[in-house]
1. Counting only residues that are assigned to a strand (DSSP E or B), in contact with a strand residue (DSSP E or B) (Cβ under 6 Å, 6 or more places away or on another chain) and not aliphatic (A, V, I, L, M), how many does the stretch B:103-138 have?
2. Can you name the residue in the stretch B:77-97 that is touching a helix residue (DSSP H, G or I) at 6+ places or on another chain (Cβ under 6 Å), within 11 Å of chain A (Cβ to nearest Cβ) and farther than 27 Å from C:His81 by Cβ and, of all such residues, is surrounded by the fewest Cβ atoms within 10 Å (Cβ to Cβ)?
3. Can you find a residue in the stretch A:59-81 that is among the β-branched types (Val, Ile, Thr) and touching a residue at least 40 places away in the same chain (Cβ under 8 Å)?
4. Could you tell me which residue of the stretch A:1-28 is nearest to A:Arg126 (Cα to Cα), considering only residues that are acidic (Asp, Glu) and away from chain C (no Cβ under 13 Å)?
5. Of all residues in the stretch B:29-76 being surrounded by fewer than 23 Cβ atoms within 10 Å (Cβ to Cβ), more than 27 Å from B:Arg109 (Cα to Cα) and away from chain A (no Cβ under 14 Å), which is farthest from the chain's Cα centre (by Cα)?
6. Identify all residues within the stretch B:99-109 that are open to solvent by 20 Å² or more (accessible area, probe 1.4 Å) and within 8 Å of chain C (Cβ to nearest Cβ); write none if there are none.
7. If I filter the stretch B:114-130 for residues that are without any contact (Cβ under 8 Å) to a residue 60 or more places away in the chain, within 14 Å of chain C (Cβ to nearest Cβ) and open to solvent by 10 Å² or more (accessible area, probe 1.4 Å), do I get at least one hit?
8. Anything in the stretch B:13-28 that is β-branched (Val, Ile, Thr) and open to solvent by 10 Å² or more (accessible area, probe 1.4 Å)? List them, or say none.
Amino acid sequence: MKSYRTELYFEVPTRRAFINITDQVESCLQDSGIREGLVLVNAMHITASVFINDDESGLHQDYEEWLEKLAPHAPVSQYKHNGYEDNADAHLKRQVMGREVVVAITEGRLDFGTWERIFYGEFDGRRKKRVLVKIIGD
Amino acid sequence: MKSYRTELYFEVPTRRAFINITDQVESCLQDSGIREGLVLVNAMHITASVFINDDESGLHQDYEEWLEKLAPHAPVSQYKHNGYEDNADAHLKRQVMGREVVVAITEGRLDFGTWERIFYGEFDGRRKKRVLVKIIGD
Amino acid sequence: MKSYRTELYFEVPTRRAFINITDQVESCLQDSGIREGLVLVNAMHITASVFINDDESGLHQDYEEWLEKLAPHAPVSQYKHNGYEDNADAHLKRQVMGREVVVAITEGRLDFGTWERIFYGEFDGRRKKRVLVKIIGD
């Protein structure tokens, strides 16, 4: 069994954003030389997500508005977590969108349906954050 | 390390449905001959889910009503994604229910608790769609 | 490829609770002797979650209140699942928080960001329940 590990770095200038990282993960896979196996891609922070969905800007605005409805940022005083911090909503939003994805690797490629793309979802940006890419297989 | 890959096909006649695919995944596992490892089961479409829960029809109706409350289908004009499409709600519902499950394989069987069953969750049906089953192990 | 399997047991005296199980999973990893691979940690019950987030009591109260808003326990008669049972809300809450986590193992350790901790999320306690830890790698 072979294994490969790397980190991707993000510093989003806004509080929230969705960034397509499919090409970066595909590039890690090429570096790894692994042809059959699984890749795990996860946020290393608890106010961010890695998820798979559509690369369509209208949908990303829909996600933004929907998540604000499900877990509003303001007023920050509504959350007990927000003593010294103001990011409780980010911890909630991340649970809806998920921490990680596991993707099959087949014949050296991400084994994806037509429209599947991997996104980094930032819910508390404006600082440096990391995503882990771990690949195991042969 | 051995690996195995196949696709399951679904063509649901309604917009939404939950289908128990546990036996199909167990059957893939028998085909694979893998005794110890992990199986990844994921929707290859971004308006569908694979998740694990109870095979109980009352609960499935509860999921249907609950998801409609969290992310209503109509009016379709409330979503920016719905220019040429009407399925934005399906992209949202799928995030709540999840894209994939990873299940342990032990002694050649799905290593499940008593009531765990795998479901395909369709949120934008009436066309042919696919689920990926990828197994790695020994 | 090596594999390792064990179960963790919980009997939570209340209906709902969040329990930090990071040290228990780390201890399983030491027992396994696996240095590079993946660990799957999943609830074996469909009214409980395993998830990764912050070990901060204010946040846990926020999760409790937020999940009650998204999927209220009472009135139990609002759910079709609640014929002989009263735990439909637990099946819904578990979907928001997730069934499982997959964590990378690197150099014999859980490959975590600074604040990542693994939690068992109980939504229908007051009875004995199980979590599966399955590790594969070298």
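The values are calculated or read from the model by the stated rules, or taken from the named source; none is laboratory data. Computed from a prediction, not measured in an experiment: that's the story for all the values here. Positions of Cβ are generated from backbone atoms using ideal geometry, with glycine treated the same way; all protein chains shown enter the neighbour counts. SASA here: full protein model, heavy atoms, side chains in, ligands and nucleic acids out. Shrake-Rupley method; radii C 1.70, N 1.55, O 1.52, S 1.80 Å.
1. 11
2. Only one residue fits best here, namely B:Lys80.
3. no
4. Once the filter is applied, the top-ranked residue is A:Glu11.
5. Result: B:Ala74.
6. Within the stretch B:99-109, B:Thr106 is the sole residue that qualifies.
7. Yes - at least one qualifying residue is present in the stretch B:114-130.
8. Within the stretch B:13-28, B:Thr14, B:Ile19, B:Thr22 meet the criteria.
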